[in-house]
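Contents: one structure, followed by commentary.
Values in this text are rule-based calculations from the coordinates and carry no lab data. Just so it is clear, the structure is predicted and the values come from calculations on it, not from any experiment. Note that we place each Cβ from the backbone using ideal geometry, even for glycine, and neighbour counts take in every protein chain shown.
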Amino acid sequence: MEHRACHCCGLIHRLPSLMPGQQAVCTRCGTGISVPGCRRVSASRTAAAAFAALVLFWPAILCPILQIEKLGHQQQSSILSGTVELLCHGNWLVGGIVLLFSVVLPLTKIMLLLELSLLEVLHRRHKALTLRIMEHVGKWSMMDVMLLAFLVMLVKLGNLVEFHLGPAVVAFIACVAMSMIASLTFDPHAIFEDS
């Protein structure tokens, strides 16, 4: 018998030997508990979603996300060019915050998920530190909050300014979804199992 903690609520369970195809379920919250030996399945799901998020991340921040028309003037901007524009106009605080929380930290989270699930460049003893960094960075990456801010802006300013969504919107939404799926499928217990 082996002891496993539920990754959702933290309740510790004593796991009996399971037959192939059986899954242990938390008695408190009903979440599936990973059993030893499922590392490859868990890692491949996380790696696939994280890789998809990484591929979608670049068009999401580099392609135009909005085209704004106000009083006959049109302007289109991507997330990265908008951030650079803020920095160039002396808005260091706002530009730095957008750059850090919407570009640097989400990219860092995606790369750390890839490292923990697929790449395994780091030595085994560094996995715990990498996991802690990834969990802390994940709390501060704000791509999903930025998506919500775009939607609120479209609703609030719809009568004053005419908005046209750019090609980056689809990539941005898909990147946020893939990043969330990678976080949800990630099993922290599996990274310490032998391959």
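Near the amide H of Ala5, within less than 5 Å, lie the amide hydrogens of His13, all on another chain or at least 5 residues away, with H placed in the peptide plane. As a size descriptor, the averaged projected area of the C-alpha convex hull of the stretch 37-192 was calculated at 10.0 nm².
Given +1 at the Cβ of Lys and Arg, -1 at the Cβ of Asp and Glu and no other charges, the dipole of the stretch 37-192 around its Cα centre is 620 debye to the nearest 20. Using R0 = 22 Å, the C-beta based FRET efficiency linking Trp92 and Lys70 works out to 0.30. Phi angles of the stretch 131-139 translate, via the Karplus equation with coefficients 6.51, -1.76, 1.60 and θ = phi - 60°, into HN-Hα couplings of 4, 4, 4, 4, 5, 5, 5, x, 5 Hz per residue; Gly and Pro are given as x.
Sorting Lys109, Lys139, Lys127 from the fewest to the most surrounding beta carbons within 10 angstrom yields Lys139, Lys127, Lys109.
The share of Cα pairs per 5 Å bin across the stretch 36-78, counted from zero up to the longest distance, runs 5, 19, 14, 12, 11, 10, 8, 7, 6, 4, 3, 2, 1 percent.
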